[in-house]
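The structure appears below as structure tokens.
The values are calculated or read from the model by the stated rules, or taken from the named source; none is laboratory data. Just so it is clear, the structure is predicted and the values come from calculations on it, not from any experiment. Glycine also receives a Cβ, built like all others from the backbone with ideal geometry; neighbour counts cover every protein chain displayed. Side chains are part of the model used for accessible areas, which takes the heavy atoms of the whole protein and leaves out ligands, DNA and RNA. Shrake-Rupley method; radii C 1.70, N 1.55, O 1.52, S 1.80 Å.
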Amino acid sequence: MQLFRLALHASIATSALAAAALAAPAQAQAEERTYRFAIPAQDMKASLRALARTSGQQIGFDSAALQGKRAPALNGTFSLRDGVARLLAGSGLEPSWGRSGVLVIRPAPRKPGAAYQAPNRGADAAMAGADDGEIVVTARKSDERIQDVPVSLTAVTADALRDRGAADIKDVLRSVPGLANYGTERGLSRYSIRGLSTYASSPTVGIYLDDISLVTVSTTFSGAYDPMFFDMERVEVLKGPQGTLYGGSAMGGAIKYVSARPDPTRFSVDTAIGAAITDGGGPSYNGEVVVNAPIVEDKLAVRAGFYYRHDGGFIDNRPGDIRVLLRSSTPFPDYTPVVQDSLSNRTKKNRNYGDTYVGRLSFEWRPDESWTIRPQLFYQDYKQGDTGDMFIGRPDRSGSYRIAQPNYDRAGIYSLSVEKELGGVKATSLTAYFDRTFRYVRDYSFYIGGLIPVLYPFTSTNVSDSFTKTFSQEVRLASDNDSPFKWVIGGYYSSQDDRLIQAVNTPGMSAFFGTDLAYYGNIFTNTKQYAGFGEASYALFDGFDVTAGVRVFKVEQRVNARTDGVFAGGPNAIPDRRNKEDGINPKFGLSYKVTRDNLLYASAAKGFRPGGINRDRIDPDLCRTDLDQLGIENAPDSFGSDNLWTYEAGTKNMFGGGKVMLNASAYYTEWKEIQQAIGLPSCGFGFTDNVGSAEVKGFELEARVEPLRGFQIGGTAAYTSSKITEAAPGTSAKQGDALPDVPKWMATAYAGYRTELSGLWELDVRGEYQYQGKAPYTFDTEVPITFPGGEVDYIPNPILERKSYQVVNAFASLSRENTTVRLYANNLFNVHPQLDTDLSIGADRFSTIRPRTFGVELRQGF
């Protein structure tokens, strides 16, 4: 630990010296210096990028505000101020120097008698020069250049998402240092940031769309909600506890989606069509249209869009054998894994196809310059035709299930945002309703037949319906001026209803048990949250800020459940179990801007996750083998809260006018009373308990350099080391165990080239390498083997860890004004890592990433 702290301090000191030695010229000098420009008449965005490359000046602009605008030729020797003025003449745009030295291009304000122009909100902030260093984000609920935010975060812009052919967050997560997930199927994932990974009903990573929480109870039958990347400006991944501004579900970090906003100053239509082919799979295709229309010029606008995507499947279903590692076909003590006929006659090619429909509707009303009122609707309907897993030991990508196993994920997000400028203070109200339904259909024949062999010939079907309905209200006030004292205060309330209805039926079972109902559960959970929060920073002197924040909260939870069926031990009920938690999440930070492009920061923040109630009634006789292994008589009825403190230090740097970027951070986390789901593989149930304490430490690096005009190389690296420091009795965790699902090493490397071609076309090409290190799956070092005579023995766990793997992608785009053609190739070397391995359902299975895929997309704006 001492060595780790010394390394952390040394890295900060080294960065500070480098920043001081390579400080950029002052703003005034940059404006007065002259440059030789040779920029042809062309699209305004292309001209500004050319000016940035020549001058080395960092320039930011709102892509929507520049849409369709052209710039005149600029030839000759001019100062930066004169050159910008000539390019913007008559365009309705004006330059503005930001506090950090960035030159921001925005719509000019209304002059007397002139039409009102929309202010720049920094939503997309597509940047000239060093795009990734100049993205404007809202991580702290205000617009800030990403390099000025004293928080470790990654932002991926809309253009970057499109270049990759990305559909949702899983398509880019390997490019985000420190972000990991378990579950490759959309709607079933569990995300973790910086090693804070557990199997529990409450996630450690918050999911937000325009500051609206999309967190749901996590179960085997429903996971994190994944909005499609449609009409999004960007996605931000915030690392470390975000509980001060975002609540208890963000103790490890947050994934924040930011959607495009209506523009009352212009009419536009944006369209796209695309197609892709996957090695050994079915074709994929997509189409979208977005219309932005002023209703009352400069006052009221509507933005509406529709998106459809078909993802071709790449896993087949065919008759064949299954392997069951947890059962032996030979008498004790000889062990031979069971291999038997699946009894399936179902054949289906590319069974795991998916269809997604998305609709967006939003209005923006500005009664005057001080008001912004924005109602929004986002609706997504997703169907996956069949499960994305396949059987272990097969030479091809296939399984032998007896029935189709679709997923249906439908959600509507409805919100009303009201902003009011109060003269140096901005008031915001955000009212939202989130309504999600997830249906999970699975073949339980092998699971039921494994527990009771006489039932193996019968087909068992599981249908699980998960419903989430969340109402939330947030109000906040924030300073909106150039004062050295900046602050935000607010209040938050939410009421969330989660209901899980699960039915497992085995027609023919009544001949043995008098009923075909293997299991039925109807479990309802209501969770109410009340919170007050605030965060403030003060500039003690030029460039040096002190920040402090706090969130005071109260959580109330109520559970009612009814269960029935053979595996529930007959009718049972959990009547009105209740749980309450309250607490305080503080945060402290220091930051120092050595220059406008060189930042040092340090922080300490607390994260908290409330406890809860185990929602299943577990029959101790049915699960006796596993309970005895854990050394307990019965599964606990509830589990306590867990909390952590994270200490972080980092630096963000831009050198050479944005041609070099170097960001680094190091962190140390102490996590106590960790919530963890404990699986009982012999009976298929599980419960959540507090497994002890852990420490997590690591670092992240991000670098980019532009050695030649238009040519960039860069990469990221993340190291995460975790271990249990205190193990609780009655759990499988042991002191020294690593936390599950988190690679120790993650890395990326990329190279890209952008150049202007004849005819005003611009070419952009990029290649990317991604590395995911090995990661532990579970705390269980041994697994139980059941023999034909009923004996149980244990063998070393063959899936204790996931192996490392590497992925290579490539992208290219050709653009001119409002037309862009994109080509992409994902998983070029066609790797098939074994992910999400599961031995507990009676048929050993795993999933993998999409095989090699080539795609093309045409985008056209009008």
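Tell me the residue from L763, L708 that is more than 28 Å from T625 (Cβ to Cβ) and out of contact with any strand residue (DSSP E or B) (no Cβ under 7 Å at 6 or more places or on another chain), please. Give the steps one after another, and end with the answer.
Values: L763 fails: out of contact with any strand residue (DSSP E or B) (no Cβ under 7 Å at 6 or more places or on another chain).
Of the residues listed, the single one that is more than 28 Å from T625 (Cβ to Cβ) and out of contact with any strand residue (DSSP E or B) (no Cβ under 7 Å at 6 or more places or on another chain) is L708.
For the stretch 351-396, which positions are farther than 24 Å from L325 by Cβ and among the polar types (S, T, N, Q)?
Scanning the stretch 351-396 gives T356, S362, S370, T372, Q376, Q380, Q384.
Name the one entry in G607, G612, G631 that is in contact (Cβ under 8 Å) with a residue 24 or more places away in the chain and open to solvent by 20 Å² or more (accessible area, probe 1.4 Å).
Details: G607 fails: open to solvent by 20 Å² or more (accessible area, probe 1.4 Å); G612 fails: open to solvent by 20 Å² or more (accessible area, probe 1.4 Å).
Result: G631 is the single residue among G607, G612, G631 that is in contact (Cβ under 8 Å) with a residue 24 or more places away in the chain and open to solvent by 20 Å² or more (accessible area, probe 1.4 Å).
Residue by residue, here is whether (1) more than 30 Å from the chain's Cα centre (by Cα); (2) in the same structural domain as G449 (by the TED database); (3) at pLDDT below 95 holds:
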site: A747; (1), (2), (3): no, yes, no
site: A751; (1), (2), (3): no, yes, no
site: S758; (1), (2), (3): yes, yes, yes
site: V783; (1), (2), (3): yes, yes, yes
site: V792; (1), (2), (3): yes, yes, yes
site: I795; (1), (2), (3): yes, yes, yes
site: E801; (1), (2), (3): no, yes, yes
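Pull up the stretch 64-83, narrow it to residues that are touching a Ser or Thr at 6+ places or on another chain (Cβ under 9 Å) and assigned to a helix (DSSP H, G or I), then point me to the one that is modelled with the lowest pLDDT.
Among residues in the stretch 64-83 that are touching a Ser or Thr at 6+ places or on another chain (Cβ under 9 Å) and assigned to a helix (DSSP H, G or I), the one modelled with the lowest pLDDT is A64.
Of all residues in the stretch 608-639 being touching a strand residue (DSSP E or B) at 6+ places or on another chain (Cβ under 6 Å) and polar (S, T, N, Q), which is farthest from N560 (Cα to Cα)?
T625
Taking only the stretch 278-298 into account, find how many residues are surrounded by fewer than 21 Cβ atoms within 10 Å (Cβ to Cβ) and out of contact with any strand residue (DSSP E or B) (no Cβ under 7 Å at 6 or more places or on another chain).
Of the residues in that region, 6 qualify.
Take G534 and tell me if it is assigned to a strand (DSSP E or B), more than 30 Å from Y444 (Cβ to Cβ), open to solvent by less than 30 Å² (accessible area, probe 1.4 Å) and touching a helix residue (DSSP H, G or I) at 6+ places or on another chain (Cβ under 7 Å). Outline the logic, then answer.
Numbers: assigned to a strand (DSSP E or B): yes; more than 30 Å from Y444 (Cβ to Cβ): yes; open to solvent by less than 30 Å² (accessible area, probe 1.4 Å): yes; touching a helix residue (DSSP H, G or I) at 6+ places or on another chain (Cβ under 7 Å): no.
Answer is no for this residue.
Looking only at residues in the stretch 326-354 that are of a type in the set (V, I, T) and either open to solvent by less than 30 Å² (accessible area, probe 1.4 Å) or not in a strand (DSSP E or B) (or both), which one is nearest to Q384 (Cα to Cα)?
Quick first cut of the stretch 326-354, residues of a type in the set (V, I, T) only: 330, 336, 338-339, 347.
Next, only the ones that are either open to solvent by less than 30 Å² (accessible area, probe 1.4 Å) or not in a strand (DSSP E or B) (or both) stay: 330, 336, 338, 347.
Values: T330: 39, T336: 35, V338: 30, T347: 17 Å.
By that ranking, first place goes to T347.
Looking at the stretch 356-375, which of its residues are closer than 26 Å to E288 by Cβ and open to solvent by 30 Å² or more (accessible area, probe 1.4 Å)?
Y357, L361, F363, W365, P375
Among (1) open to solvent by 20 Å² or more (accessible area, probe 1.4 Å); (2) among the small types (G, A, S); (3) within 18 Å of K606 (Cα to Cα), there is one condition G679 misses while meeting the rest; what is its number?
(3)
Report yes if D270 is acidic (D, E), over 18 Å from the mean Cα position of the chain (by Cα) and part of a strand (DSSP E or B), otherwise no.
Values: acidic (D, E): yes; over 18 Å from the mean Cα position of the chain (by Cα): yes; part of a strand (DSSP E or B): yes.
When the stated conditions are applied, D270 passes them.
Restricting to the stretch 670-712, count the residues that are at pLDDT 85 or above, of a type in the set (A, V, I, L, M, F, W, C) and within 25 Å of the chain's Cα centre (by Cα).
Residues flagged as at pLDDT 85 or above, of a type in the set (A, V, I, L, M, F, W, C) and within 25 Å of the chain's Cα centre (by Cα) within the stretch 670-712 amount to 7.
Does at least one position in the stretch 47-56 carry a residue that is in a strand (DSSP E or B) and modelled with pLDDT of 75 or more?
Going through the stretch 47-56, the residues in a strand (DSSP E or B) turn out to be none.
Scanning the stretch 47-56 turns up no residue that is in a strand (DSSP E or B) and modelled with pLDDT of 75 or more.
Which residues, counting only those in the stretch 504-529, are out of contact with any helix residue (DSSP H, G or I) (no Cβ under 8 Å at 6 or more places or on another chain) and under 17 Å from S218 (Cα atoms)?
N522, I523, F524, T525, N526, T527, K528
Look at A275 and say whether it is open to solvent by less than 10 Å² (accessible area, probe 1.4 Å), assigned by the TED database to the domain that holds T848 and of a type in the set (A, V, I, L, M).
Numbers: open to solvent by less than 10 Å² (accessible area, probe 1.4 Å): no; assigned by the TED database to the domain that holds T848: yes; of a type in the set (A, V, I, L, M): yes.
Answer is no for this residue.
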